1. Apply 1/(1 + (r/R0)^6) to the Cβ-Cβ distance of ASP84 and SER154, taking R0 = 35 Å, and write down the FRET efficiency to the nearest 0.05.
2. Which ordering of PHE211, PHE175 is given by a fewest-first count of other beta-carbon atoms within 10 Å?
3. Which order do ILE91, ILE73, ILE135 fall in if you start with the one that has the fewest other Cβ atoms within 10 Å?
4. Among THR229, THR114, THR68, which comes first, second and so on when ranked by fewest other beta-carbon atoms within 10 Å?
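Please treat every number below as a calculation from the coordinates, not as lab data. None of the values given here were measured: they were computed from a predicted structure. Please note: Cβ atoms are built from the backbone with ideal geometry, for glycine as well, and neighbour counts cover all protein chains shown.
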Amino acid sequence: MSVPRRIKLAALLLVAAAGSIGNLGLLSRAVASDHQDTPEVELNPRCDINDVYAFPGSTDDRIVLVMTTSSPIQAATAASFDNDKLYQIKIDNDDPSDGVEDLVLQFTFSGSGTSQTVTLRGPVAPVNTGTSNRISSSSPTVTGTVATPLGSASDIQLFCGLRDDPFFLDLDRFFRIIPDRKPVTGDLSMLPDIPTESCFRDPGVDYLAGFNTLGIIVELPESRLTQGTSTRLGIWGTISR
């Protein structure tokens, strides 16, 4: 992902349902999205990572990191983060990259609904790398109620809660083109089992318009993530038990 500043970002989107994620020996651009595309994550939507984003912050020396999960959520439906899951945004700041996280931002939740609270630890060195994920013993960096802007505008700011899903995709037509990827429950599961279309509609139709996702949004100084003179970051997300 190219940005018009000195820092070069490489967003690596990885699906880490139930803590099953391995190390990557690469640092490159990834263009992908995952919205409940396997039966396991469809039946466990809080384990499903939809997208990971990184883009410039409110000033030239700040960066915004976003991880979304659990889409599609009906707009009128209340939804909470899973209190039994560890949500992480991982940072590889070596140059050249070794594909192993050097820093993590860890998010844990308690309670439910509008009273649910979030605790952020980090950026901090991971207790374990790769698939062995443990909560850091470091003091919380930010804590507070979800659906509320938290933290400091001069340091780390955090928002966790329901947001309109920013991803654009005509899922109905997609599953008519590739029916073996259709879900196992819901209206889309009733589509034919054989291909009935060969291309998307023009103009496009955003099936996800009006659906929500659970978003974790962090803005912080770039200096909290970079190391030495390196101008590259590898960024990915995991959700684990």
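1. About 0.55, to the nearest 0.05.
2. Neighbour counts put them in this order, fewest first: PHE211, PHE175.
3. ILE135, ILE73, ILE91
4. Fewest to most other Cβ atoms nearby, the residues stand as THR229, THR114, THR68.
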